[in-house]
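A.B. asks: Mind having a look at this structure? Questions to follow.
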Amino acid sequence: YKMSTSRFWRTWLAGTLQKRAILARIWLSKGYSERQTMMSGRIRAIRSLEHILELLASEVRYGRATLPECCSHIARGLPAPYGAAFLEIGRRMEENTGLTFGEVFREEMAEALQNLPLRERDREDFLRFTWQTGYADAKMQLRSIEQSAELLQGTRERLERENAEKCRMAVTRQTPGSGSTGTVTGSENAIISMKPAAVSYPPSHQTAVL
């Protein structure tokens, strides 16, 4: 009888730990999902900035227009918040307030980019070409735009590789037979230890033990 009772408690404890491990995985998956969402948002924002630079480069290369004119030309085809910012850049440059194109562009785009899920380095890479437009000819302007686009492309491709690897690892962890099912990891143990559950004994076995 003592052996049977001991076996019961071992089974009950194993089941309890497995349930808590499953809950821990849910909490970890929730945090992982939030991080993935943030990363995906950053990738989409960077891709949009690349697209904008490609449009600007195309206007400079084939349209033979000035950069302020290029901004006005492509503004109506851009989604918010970029379209309004580019219209304002074109309008302000027509007023000839004494500010350079780079200064106006950085002021307007700083406001447009502030609420996007970007890192400061992403914004700096996007705006890098504006520091080289003051006295540059069309060829130099085009190259500076392309360099900004290349920097953003490198960042985006790195993030996409990291994203794909994390997704692969997450799928591997959750795949039956991968060796991780039912195993409590160090992170899960940390979460479990933070939320101790009260042990409740079934009435029938409490009576039997007494």
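A.B. asks: Could you list which residues have their amide H under 5 Å from that of Leu118, counting only those 5 or more apart in sequence or on another chain, with H placed in the peptide plane?
C.D. replies: For Leu118, no residues qualify.
A.B. asks: Suppose R0 equals 45 Å. What FRET efficiency, 1/(1 + (r/R0)^6) with r the Cβ-Cβ distance, do Arg47 and Leu13 give to the nearest 0.05?
C.D. replies: Working: r = 50 Å, r/R0 = 1.12.
The calculated FRET efficiency here is 0.35.
A.B. asks: May I ask you to order 80-86, 119-125, 52-58 by the average number of other C-beta atoms within 10 Å around their residues, highest value first?
C.D. replies: Details: 80-86: 17.7, 119-125: 14.9, 52-58: 19.4.
The densest-packed peptide leads the list: 52-58, 80-86, 119-125.
A.B. asks: Which ³J(HN,Hα) values, rounded to whole Hz and listed in residue order, are derived for the stretch 81-94 from phi using the Karplus coefficients 6.51, -1.76 and 1.60 in 6.51 cos²θ - 1.76 cosθ + 1.60 with θ = phi - 60°, glycine and proline given as x?
C.D. replies: x, 6, x, 4, 5, 5, 4, 5, 4, x, 5, 5, 6, 5
A.B. asks: Determine how many Å³ per residue the convex hull of the Cα atoms of the stretch 31-124 encloses. Display every interim value, and only then the final one.
C.D. replies: Numbers: hull volume 8.9 nm³, N = 94.
Spread over its residues, the Cα hull of the stretch 31-124 gives 95 Å³ apiece.
A.B. asks: Applying a 10 Å radius around every beta-carbon, put 140-153, 104-117 in order of their mean neighbour count, most first.
C.D. replies: 140-153, 104-117
A.B. asks: Can you tell me the length gained on complete extension of the stretch Arg91 to Glu124, counting 0.36 nm per residue apart and subtracting the Cα distance?
C.D. replies: On the way: separation 33, 0.36 × 33 = 11.88 nm, distance 2.37 nm.
Extra length from Arg91 to Glu124 when fully extended: 9.5 nm.
Every read-out reported here was derived from the displayed coordinates using simple, explicitly stated rules and does not represent laboratory data. What you see is a predicted model; the values in this text were computed from it and never measured. With ideal geometry, Cβ positions are generated from the backbone for all residues, glycine too; neighbour counts draw on all protein chains shown.
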